[in-house]
Amino acid sequence: MAPELKPGKIFLNSVNTMLTQTAELLDLDTRFPQQHLLERIIIPDRIISFRISLQRDDGSIDVLTAYRVQNNNFRGPYKGGIRWHSSVDLDEVRALAALMTVKTAVVGVPLGGSKGGVVLPQGTRYSKPERERLARKYVNGLVNDVGPKKDIPAPDVNTNSQVMAWMADQYSRFTGETITAAFTGKPLIMGGSQGRTEATGFGSIMVLKRHAIKNDIELRGKTMAVQGFGNVGSHAALKATRDEGIKVTHVSNETGCITNPEGLDIPKLIEWITKEGQKGLLSFPGGKVTPDNIFTVDVDILLPAALENSVKAEYVKDIKASLILEGANGPLTSEADELANKAGITVLPDVLVNAGGVTVSYFEMVQNENQDRWSLQYVLERLQGIMFDAYDRIYDNAKKYKCSLRKAAILSALNDIAVACDMRGVQ
């Protein structure tokens, strides 16, 4: 009996299969004979793995495995987040790095793709001093491999602007210079950009808005369920309710699910979670605890905004939403995605939907390099323009190739990456 594949391996296989199948439509082998362009996109440029010996506050030592995968820099320096989680493994990081390569090409920013991670012990909660030591140790292991012209890290799962501040400071200690563009997602006071915190969640609703405009859909009064109420889910829910008149009737996280048929008060829920933490979701006074599976509740729009492979194939037959907005990276398994398309469910793909974060990270780099500061209004206006333009290109591709929006997005990205690879020559 074959051993059961780990989630990271399943995710990597799904990403590679998706890229391979989509590349066939581009006929890369005929257009670029003997170049092996697909392999040069799927196989990462570099895989970096190292040990972190982290001293705990009580003097004990945790020995952790850290990764950085630099997938592809044909279009510009590597760019990608850092996640700290017990589920992190090399296959997961490889898959996420490949998706970052695609994502930067989808929105047309001149960057490549990378990803980083640290495998945390299951159930461990680190204090603030322990988190700072972990951040600095991670930079110690990569100081020669990152930088504004090489690889620019950013926040991801369980990392935030404070972590980026520690990392940026540690990098400066090594280089002897304050190089603000070396990390993005920093606090405003350290060269961060207005709008970076909201960018991924707000960007997802911008994509939804453009989809509605192009397809003559009225969003006001539509209902939405949000899985995951971290940075992405909370900001997406806020913009959906505040700007588009959508009712968020269900919110879930790892502790459970709450509902309010009249629509949850999202600003109050954000305030509550900020005070109580994610564990406080079920005690929010404006919602009722429900045993419902968040993916199969009766809503118009489903927003999975947690981890990859959350939406399994077996859920699809019971999904009532007519549209899935992928806030997380790879939330649908490949089988679930295929079944959703067959069932007539529109899937707005992650490589576009959550690309607002990397787009505003690029804005942050530009501001840092130019010693400039942009207003929040200017950042969000530029972000919306890029997200709208990217959606329009993908929409046109989907019509041209008679394919899903996901395949259309990857077609657009792979073509640009392949052309850049060919023009740069053999590396």
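The values are calculated or read from the model by the stated rules, or taken from the named source; none is laboratory data. No experiment lies behind these values; they were computed from the predicted model shown. We place every Cβ from the backbone using ideal geometry, glycine too, and count neighbours over all the protein chains shown.
Values computed for the structure shown
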quantity	calculated
Considering residues of the stretch 282-308 that are in contact with a Gly (Cβ under 7 Å, 6 or more places away or on another chain) and not in a loop (DSSP other than H, G, I, E, B) only, the residue farthest from A340 (Cα to Cα)	L282
Hits in the stretch 354-379 - residues which are crowded, with 22+ Cβ neighbours inside 10 Å, of a type in the set (A, V, I, L, M, F, W, C) and either assigned to a loop (DSSP other than H, G, I, E, B) or at pLDDT below 95 (or both)	A355
Single unsatisfied condition, V419 versus (1) touching a residue at least 12 places away in the same chain (Cβ under 8 Å); (2) surrounded by fewer than 22 Cβ atoms within 10 Å (Cβ to Cβ); (3) of a type in the set (V, I, T)	(1)
Residue that is farthest from C403 (Cα to Cα) [pool: residues in the stretch 332-353 that are touching a residue at least 40 places away in the same chain (Cβ under 8 Å) and assigned to a loop (DSSP other than H, G, I, E, B)]	T333
Flag for V93 being closer than 20 Å to T159 by Cα, without any contact (Cβ under 8 Å) to a residue 24 or more places away in the chain and among the hydrophobic types (A, V, I, L, M, F, W, C)	no
Residues that are farther than 21 Å from Y78 by Cα, in the same structural domain as E132 (by TED's automatic domain parsing) and surrounded by fewer than 14 Cβ atoms within 10 Å (Cβ to Cβ), drawn from the stretch 19-54	R51, S53
Positions within the stretch 243-278 being in a loop (DSSP other than H, G, I, E, B) and under 21 Å from K222 (Cβ atoms), in sequence order	G245, I246, N260, P261, E262, G263, L264, D265
Any hit, the stretch 309-318, residues being out of contact with any Phe, Trp or Tyr (no Cβ under 7 Å at 6 or more places or on another chain), of a type outside the set (S, T, Y), over 19 Å from L219 (Cα atoms) and part of a strand (DSSP E or B)	no
Candidate set from the stretch 373-427 (those that are touching a Pro at 6+ places or on another chain (Cβ under 9 Å) and among the hydrophobic types (A, V, I, L, M, F, W, C)); member that is nearest to T346 (Cα to Cα)	L405
Tally, over the stretch 23-57, of residues that are in contact with a Gly (Cβ under 6 Å, 6 or more places away or on another chain) and among the hydroxyl-bearing types (S, T, Y)	0
Filter result (in a loop (DSSP other than H, G, I, E, B) and surrounded by fewer than 22 Cβ atoms within 10 Å (Cβ to Cβ)) within the stretch 79-108	S86, S87, D89, G108
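Residue-by-condition table, conditions (1) in a helix (DSSP H, G or I); (2) assigned by TED's automatic domain parsing to the domain that holds V69:
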{"position": "Q162", "(1), (2)": "yes, yes"}
{"position": "M167", "(1), (2)": "yes, yes"}
{"position": "G185", "(1), (2)": "no, no"}
{"position": "G203", "(1), (2)": "yes, no"}
